[in-house]
Structure formats: C-alpha cells, structure tokens
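The values are calculated or read from the model by the stated rules, or taken from the named source; none is laboratory data. Because the structure is a prediction, the values reported are computed rather than measured. With ideal geometry, Cβ positions are generated from the backbone for all residues, glycine too; neighbour counts draw on all protein chains shown.
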Amino acid sequence: MEVKAKNTGSRRKVIYFITKSVWGGAAKYVMDLASGLDAGKWQVFVAAGGEGLLKMRALGQEISWISVPHFGRNIKIIADIISFFEVSCILRREEPDVIHVNSSKAGGICGLAGYVYNITARKKVKMIFTVHGWPFMEDRPSRQNVLIKVFTKLTCIFYDAVIVISKSDFDTAKTFKRIEFIHNGIDAAEIKFLAKAKAREKLNLSEDALVVGTIGEWTRNKGWDILIDAFSLLASSPLTLVMIGSGENPDEARLHEYIQKKNLAGKVIAIEYIKDAASYLKAFDIFVFPSRKEGLSYALLEAGLAGLPIVASAVGGNLDIIEDGKTGIFVPKNDAVKLREEIIKLIQNQELQKTLGENAKEKVEKEFSLSKMREKTYALY
C-alpha cells in the first residue's frame, strides 16, 4: 500500500529509500531529514520494505509512504532483482528531483536503478547515498569483506554524493569518490527525559536497583551477546541489565534463547521497542554499548545527552562521541571480560560516573546538532 502526496507543481520532490521499516538509527535519520524539509518547497516520500514503525511514524507526520515489497536486508537474488524493478517503476512514476538512499543493500539496488533511470529518462534525478557504517567492516572472513568492499566502491560511483556519518568511515573511504562527512545530530529540546524515579516506575524497576542499560536493535552488530556474556560474569552481583530494543525474527528469538542459556532470566530484562525509548534513559545508572560495527549511534548520543556514564566498544562512530576516560570508557570489541571489568570500576566510583556523564552531555550538546546535520545535508540536494 502507498500513500501519495498531491502534485502541487512547483515543489521539488525527494524520496528517501531505506531497506526496512524497522525502527532504528537509520530509520530515525530518515525521519529527521524527511520531517525537516519545508513543505512549501518539497514533496517528501519515504520508501521502504515492510510495515514497521517507520511507516507508522512517517504517516503520523503526514509524510507520503511508498512500499517496496521485496526490499530486505539479506541477499536474496530473486527478491533483489524484483526490488530493482520496483524501484525503477517508482522512479518512472514519481519522477523525483532527488533520491536519498540509506543502508548498503538499498544503496546497491537504488544506485543501479537510478543510474539506468538517468540514462533513459527525460528528467535526471540527483542521487545521494548515506552509509550507516561500511558493510565491509563487519566481522566476516576477509575474502568476503574484500569482495564487499569492491562492490561498495562500485555502488558509490552511481551517486552524486556519498555521506559518511563518522570520522572512522570517512578515513576508511579516502580512495572513494564524492565522499561527504556529516555527523548525525540530535535536537536536545526534542527529548523529554523522565526523572529517574518515574522512568524506573514505568519500567517496573525498583528505586534502589543498580541498573546497567542499553538501547538498540537486537542484531549481532550491536554486540548484545557480548553484553550478556559480560553479565554472566557478574551473576553474583546485585546488578540488573535492561535491554530496550527491537528485532526481527530470528534476532529476537536468539536474544531470548541466549538469556535462558546463560541462566540470566530475571537478571536480564529485554524490553521490546517502546515509544520514545530515549525518555527512559535516566532509569539507568550506566549505559553500555558493545557494538561490533557502528555508524554513529543515536542511542549513544541520547545517552550522552542524558548525562549517563558510558562504556562502549572502540569502533566506528563511537570514537567520535567517546573520549576515553573523559566522556566515557572504551573497551575492545568482542571482549566480555574487559567489559565486565569496566562496569565494575564504574559501579565502584560514583565520582567518575558523575564526571563522565557531565562531560558526555557537554560534548553532545556542542558537537552533534540536528540543525547542522540538516543544513549540510540539504545543501547537497
């Protein structure tokens, strides 16, 4: 099903493509950009696969929705070929001025469809691609990542501009063409943090509990298994782990099975997506973010804005937000033992918790503005 905007003639038209409508950092990025354009000058569409929370939020803000039924994250040759033709049909029907594509899978499919469209159509479309973390930086056999890097570099050639959201990704792509470095940004006034007692009441947590928490999709890249492994080493402590997130089967099923396997039911609380999850951040004493791969996390920015002490893996965009020992604490990725050690150190040092939280809040407010992100991105349109 799709909802089309009325054609008002002089307005320019932009379509934001993203692979899936599951809510996460890339989906928030799309909504932040789609909702910020001047409605008097732009017709705005979001196009994605699935029927998730992104669709609900887009329609809730009266942003037109286009379904791409065969879009999906996993490589499926037949479905991917069909989705190429679906995107091609969308471009010919809507004749957009700009397409802004998000996520690696959509980047390849939409890049090729846009390239073919620009060769054959009477009206050319400007093509922008945002990389939310390079896919060849994931934990895979090196041969696979070499091949993925080649395909990614070829994909980037299709676009007028390729946006990377972290310095790490920018440095990785110095040999690529048309790279633009624009940090994700957040609007501090938009987030209404609940007081600690109120947030805990809503999450059914006791006021005197020691709570370690995280927010993020329940995918392998987020390192939820590393966090649970670290917590299994803390089983005798009074700590509670709260994981707020969402996932598609089998991701969600794997998470719950792993909690049971480690005998942590009751100690680890997995809460499926709740609206405005960031507003609950002050329920946590410590925010932990053990990603294996990361673009630039909204959850980490929001935790910083909440003034929480942060322990995060030293990967990707985490390096842009965290200064080790100043705005947070770094641990190596895939290291549950080190993660456990740093959580214990923080729990035992309330003064360090306070200092790290205050410094993180100051850094996020100063360096990661939504208005700057929008301004720099819209300038490419």
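Only one of Ile165, Ile157 is of a type in the set (A, V, I, L, M) and either farther than 30 Å from Glu375 by Cα or crowded, with 19+ Cβ neighbours inside 10 Å (or both); which? Steps first, answer last, please.
Working: Ile157 fails: either farther than 30 Å from Glu375 by Cα or crowded, with 19+ Cβ neighbours inside 10 Å (or both).
Being of a type in the set (A, V, I, L, M) and either farther than 30 Å from Glu375 by Cα or crowded, with 19+ Cβ neighbours inside 10 Å (or both) holds for just one of Ile165, Ile157, which is Ile165.
All but one of (1) surrounded by 16 or more Cβ atoms within 10 Å (Cβ to Cβ); (2) at pLDDT 95 or above hold for Val268, so report the exception by its number.
(2)
Filter segment 232-285 down to the residues that are assigned to a helix (DSSP H, G or I) and closer than 23 Å to Gly307 by Cα and list them by number. Walk me through it before giving the result.
If we filter segment 232-285 for residues that are assigned to a helix (DSSP H, G or I), which is where we start, we get 232, 251-261, 277-283.
Listed by number, the residues that qualify are Ala277, Ala278, Ser279, Tyr280, Leu281, Lys282, Ala283.
Criterion first (surrounded by fewer than 22 Cβ atoms within 10 Å (Cβ to Cβ), touching a Pro at 6+ places or on another chain (Cβ under 9 Å), part of a helix (DSSP H, G or I) and without any contact (Cβ under 8 Å) to a residue 60 or more places away in the chain) does Asn145 satisfy it?
yes
Filter segment 148-166 down to the residues that are touching a residue at least 24 places away in the same chain (Cβ under 8 Å), part of a helix (DSSP H, G or I) and within 25 Å of Asp320 (Cα to Cα) and list them by number.
Residues satisfying the conditions are Thr152, Cys156.
Could you please tell me which pairs satisfy a Cβ distance under 9 Å, a separation of 6+ or placement on different chains, a first residue in segment 79-105 that is closer than 17 Å to Asp160 by Cβ and polar (S, T, N, Q), and a second residue that is part of a helix (DSSP H, G or I) and at pLDDT 95 or above?
Partner pairs satisfying both residue conditions: Asn102/Tyr29; Asn102/Val30.
Taking the criterion of being under 17 Å from Gly133 (Cα atoms) and in a helix (DSSP H, G or I), would at least one residue in segment 309-319 satisfy it?
We begin by selecting, within segment 309-319, every residue under 17 Å from Gly133 (Cα atoms); these are 312-319.
Within this subset, residues satisfying the condition of being in a helix (DSSP H, G or I) are 318-319.
Yes; the residues of segment 309-319 include at least one that is under 17 Å from Gly133 (Cα atoms) and in a helix (DSSP H, G or I).
Against the definition (out of contact with any Gly (no Cβ under 7 Å at 6 or more places or on another chain), within 11 Å of Gly213 (Cα to Cα) and surrounded by 17 or more Cβ atoms within 10 Å (Cβ to Cβ)), how does Tyr258 come out, yes or no?
No.
Count, please, the residues in segment 6-38 that happen to be over 18 Å from Val125 (Cα atoms), part of a loop (DSSP other than H, G, I, E, B) and modelled with pLDDT under 95.
The total comes to 6.
So Ile109 fits all but one of (1) surrounded by 14 or more Cβ atoms within 10 Å (Cβ to Cβ); (2) aliphatic (A, V, I, L, M); (3) within 19 Å of Phe170 (Cα to Cα); what number is the exception?
Unmet for Ile109, out of (1) surrounded by 14 or more Cβ atoms within 10 Å (Cβ to Cβ); (2) aliphatic (A, V, I, L, M); (3) within 19 Å of Phe170 (Cα to Cα): (3).
Given Leu301, Leu305, which one is within 13 Å of the chain's Cα centre (by Cα) and over 24 Å from Glu252 (Cβ atoms)?
Leu301
Looking at segment 341-360, is at least one residue within 18 Å of Asn184 (Cβ to Cβ) and surrounded by fewer than 19 Cβ atoms within 10 Å (Cβ to Cβ)?
no
Is it fair to say Ser21 is more than 28 Å from Asp187 (Cβ to Cβ), in the same structural domain as Gly114 (by TED's automatic domain parsing) and crowded, with 18+ Cβ neighbours inside 10 Å?
For Ser21, the condition - more than 28 Å from Asp187 (Cβ to Cβ), in the same structural domain as Gly114 (by TED's automatic domain parsing) and crowded, with 18+ Cβ neighbours inside 10 Å - is not met.
How many of the residues making up segment 320-344 are over 17 Å from Gly295 (Cβ atoms) and assigned to a loop (DSSP other than H, G, I, E, B)?
7
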